[in-house]
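Report on one structure; see the data block that follows.
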Amino acid sequence: MFSNNDEAVINKKLPKELLLRIFSFLDVVTLCRCAQVSRAWNVLALDGSNWQRIDLFDFQRDIEGRVVENISKRCGGFLRKLSLRGCLGVGDNALRTFAQNCRNIEVLNLNGCTKITDATCTSLSKFCSKLRHLDLASCTSITNMSLKALSEGCPLLEQLNISWCDQVTKDGIQALVRGCGGLKALFLKGCTQLEDEALKYIGAHCPELVTLNLQTCLQITDDGLITICRGCHKLQSLCASGCSNITDAILNALGQNCPRLRILEVARCSQLTDVGFTTLARNCHELEKMDLEECVQITDSTLIQLSIHCPRLQVLSLSHCELITDDGIRHLGNGACAHDRLEVIELDNCPLITDASLEHLKSCHSLERIELYDCQQITRAGIKRLRTHLPNIKVHAYFAPVTPPPSVGGSRQRFCRCCIIL
């Protein structure tokens with residue numbers, strides 16, 4: 001059956017249409033192997049209809065532009081989804097040829113393709129009007145011109161990732177949203193030139209927005225994010241980690257305007273307090289993931305509100321929230337989310353947490369992982385007792401040696417803590 005004889009039994013018994021259907025379920029690597037079996041299978045495996053979705057990330061990342069050109073010529077209008085993530089050798093010329101040949105492309109991932117410039121987006125704008133998802137993260141040569149081109153030629157665009165494209169400014173965002181008002185997901189992580197005015201354009205033109213990532217957009221303040229909350233009522237995921245200028249006004253605006261919010265990441269936003277999180281918890285009952293790392297002003301009061309009003313909470317990071325105590329964890333462990341929902345809780349560098357907190361978490365039967373680095377009042381015995389109730393849980397912690405190592409030459413030596421994963 002697996003010889004070079006094109007008269008093999010499988011080729012005689014099954015019609016070409018059925019063989020093509022079978023081949024359509026194979027990945028890139030398997031298709032290439034099948035193409036070497038026989039001349040008949042070569043024709044079947046390389047049929048354009050089998051190459052509607054291609055991801056080269058796990059196959060080969062050092063490809064040259066000519067490979068992309070050859071793929072585009074073979075696949076033509078069949079290709080709907082292509083990932084070239086991390087393909088550093090692919091440049092504008094290859095992607096122009098690709099755009100000309102694959103005009104039905106809907107999902108294109110160019111994350112980390114650092115050679116591409118605005119010329120690629122110009123080509124996509126000219127030939128690929130059906131494009132819905134585009135990932136340009138870490139393509140640092142991208143400027144406002146790319147966003148203007150996408151606005152003019154890709155009106156169906158729903159998801160755009162331009163994280164770390166730090167040449168983009170408010171002018172590019174303004175041009176983008178005027179032509180792509182159907183945007184549902186926008187990733188702007190590390191776009192350090194963006195100001196509140198850019199968010200005001202998004203809030204005014206993108207009512208369908210569901211996901212917004214603004215991590216480390218350091219110039220963003222309450223004014224811009226409040227506009228987002230008021231204009232994007234369907235918002236479900238917001239990352240504002242590192243936006244240190246924001247205050248409780250944001251949490252109030254989210255609570256009043258975005259009841260569908262499921263994910264909130266506000267790590268290192270040290271001005272946020274219990275007052276804001278109380279408003280948020282009382283209005284956003286669908287919260288599933290919260291990253292509150294280094295929200296240093298919050299106390300057990302926030303955990304009490306979450307335990308009462310957020311029954312779907314699955315992942316909670318409280319690392320470096322140094323005012324959290326065992327009492328807050330007790331309320332969380334008795335809350336609506338505890339028994340069937342809570343999967344991950346991170347408590348690194350919470351100095352007031354003791355083994356009592358672990359006792360309160362024993363009833364969290366869905367708990368998969370707990371982080372306890374630098375919780376100096378947590379003991380090995382406490383962790384062991386927790387594992388008797390939750391045998392599959394992963395506990396990440398480390399402990400200082402009981403006795404410091406002896407000094408050498410009259411000076412105390414630095415020593416490493418012992419890291420354990422139980």
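Report the residue count in the stretch 258-272 for those that are open to solvent by less than 30 Å² (accessible area, probe 1.4 Å) and over 16 Å from ASN213 (Cα atoms).
The initial filter retains those residues of the stretch 258-272 that are open to solvent by less than 30 Å² (accessible area, probe 1.4 Å), namely 258, 261, 264, 266-267, 269, 272.
Retained after the next criterion (residues that are over 16 Å from ASN213 (Cα atoms)): 272.
Residues flagged as open to solvent by less than 30 Å² (accessible area, probe 1.4 Å) and over 16 Å from ASN213 (Cα atoms) within the stretch 258-272 amount to 1.
Tell me which of these LEU287 doesn't satisfy, since it passes every other one: (1) touching a His at 6+ places or on another chain (Cβ under 8 Å); (2) surrounded by 19 or more Cβ atoms within 10 Å (Cβ to Cβ).
LEU287 satisfies all of (1) touching a His at 6+ places or on another chain (Cβ under 8 Å); (2) surrounded by 19 or more Cβ atoms within 10 Å (Cβ to Cβ) except (1).
Restricting attention to the stretch 316-331, does a residue exist that is closer than 21 Å to ASP374 by Cβ, of a type in the set (Gly, Ala, Ser), assigned to a loop (DSSP other than H, G, I, E, B) and open to solvent by 10 Å² or more (accessible area, probe 1.4 Å)?
Checked the stretch 316-331: no residue is closer than 21 Å to ASP374 by Cβ, of a type in the set (Gly, Ala, Ser), assigned to a loop (DSSP other than H, G, I, E, B) and open to solvent by 10 Å² or more (accessible area, probe 1.4 Å).
Looking only at the stretch 340-358, count how many residues are open to solvent by 10 Å² or more (accessible area, probe 1.4 Å) and more than 12 Å from LEU390 (Cβ to Cβ). Break it down into steps so the answer makes sense when it comes.
Quick first cut of the stretch 340-358, residues open to solvent by 10 Å² or more (accessible area, probe 1.4 Å) only: 340-341, 343-344, 346, 348-349, 351-352, 354-356.
Applying the additional criterion that residues be more than 12 Å from LEU390 (Cβ to Cβ) yields 340-341, 344, 346, 348-349, 351-352, 354-356.
Looking only at that region, the number is 11.
Among the residues of the stretch 275-286, are any in contact (Cβ under 8 Å) with a residue 40 or more places away in the chain and touching a strand residue (DSSP E or B) at 6+ places or on another chain (Cβ under 8 Å)?
no
Answer yes or no as to whether VAL266 is among the β-branched types (Val, Ile, Thr) and under 23 Å from the mean Cα position of the chain (by Cα).
yes
Restricting to the stretch 238-256, name every residue that is open to solvent by 20 Å² or more (accessible area, probe 1.4 Å) and touching a Leu at 6+ places or on another chain (Cβ under 9 Å). So that I can check it myself, show each step before the final result.
Restricting attention to the stretch 238-256, the residues satisfying the condition of being open to solvent by 20 Å² or more (accessible area, probe 1.4 Å) are 244-245, 247-249, 252, 256.
SER244, ASN245, THR247, ASP248, ALA249, ASN252 - these are the residues of the stretch 238-256 that are open to solvent by 20 Å² or more (accessible area, probe 1.4 Å) and touching a Leu at 6+ places or on another chain (Cβ under 9 Å).
Residues THR117, THR169: which one is of a type in the set (Ser, Thr, Tyr) and within 17 Å of LEU214 (Cα to Cα)?
Working: THR117 fails: within 17 Å of LEU214 (Cα to Cα).
Every option except THR169 fails the conditions.
Determine whether the stretch 313-322 contains at least one residue that is of a type outside the set (S, T, N, Q) and over 22 Å from CYS269 (Cβ atoms). Before the answer, list the steps.
Restricting attention to the stretch 313-322, the residues satisfying the condition of being of a type outside the set (S, T, N, Q) are 313, 315-316, 318, 320-322.
After this cut, where a residue has to be over 22 Å from CYS269 (Cβ atoms) as well, the list is none.
Within the stretch 313-322, none of the residues are of a type outside the set (S, T, N, Q) and over 22 Å from CYS269 (Cβ atoms).
Can you tell me which condition ASN101 does not meet? The list is (1) open to solvent by 50 Å² or more (accessible area, probe 1.4 Å); (2) free of Cβ contacts under 8 Å to residues at least 24 places away in the same chain; (3) not charged (D, E, K, R), and all the others hold.
Of everything listed in (1) open to solvent by 50 Å² or more (accessible area, probe 1.4 Å); (2) free of Cβ contacts under 8 Å to residues at least 24 places away in the same chain; (3) not charged (D, E, K, R), ASN101 misses just condition (2).
Hey, can you tell me all the residues within the stretch 91-116 that are under 24 Å from the mean Cα position of the chain (by Cα) and β-branched (Val, Ile, Thr)?
Filtering the stretch 91-116 for residues under 24 Å from the mean Cα position of the chain (by Cα) gives 105-116.
Hits for the stretch 91-116 are ILE105, VAL107, THR114, ILE116.
For a quick check of your reading of the model, give me the residue pairs whose first member lies in the stretch 68-93 and is among the acidic types (Asp, Glu), whose second is part of a loop (DSSP other than H, G, I, E, B), with beta-carbon atoms closer than 9 Å and at least 6 apart or on different chains.
ASP92/LYS115; ASP92/ILE116; ASP92/THR117
The values are calculated or read from the model by the stated rules, or taken from the named source; none is laboratory data. Nothing here was measured: the structure is a model prediction, and the numbers come from that model. Counting neighbours? That spans all protein chains shown, and the Cβs are built from the backbone with ideal geometry, glycine included. With ligands, DNA and RNA removed, areas are computed over all heavy atoms of the protein, side chains included. Shrake-Rupley method; radii C 1.70, N 1.55, O 1.52, S 1.80 Å.
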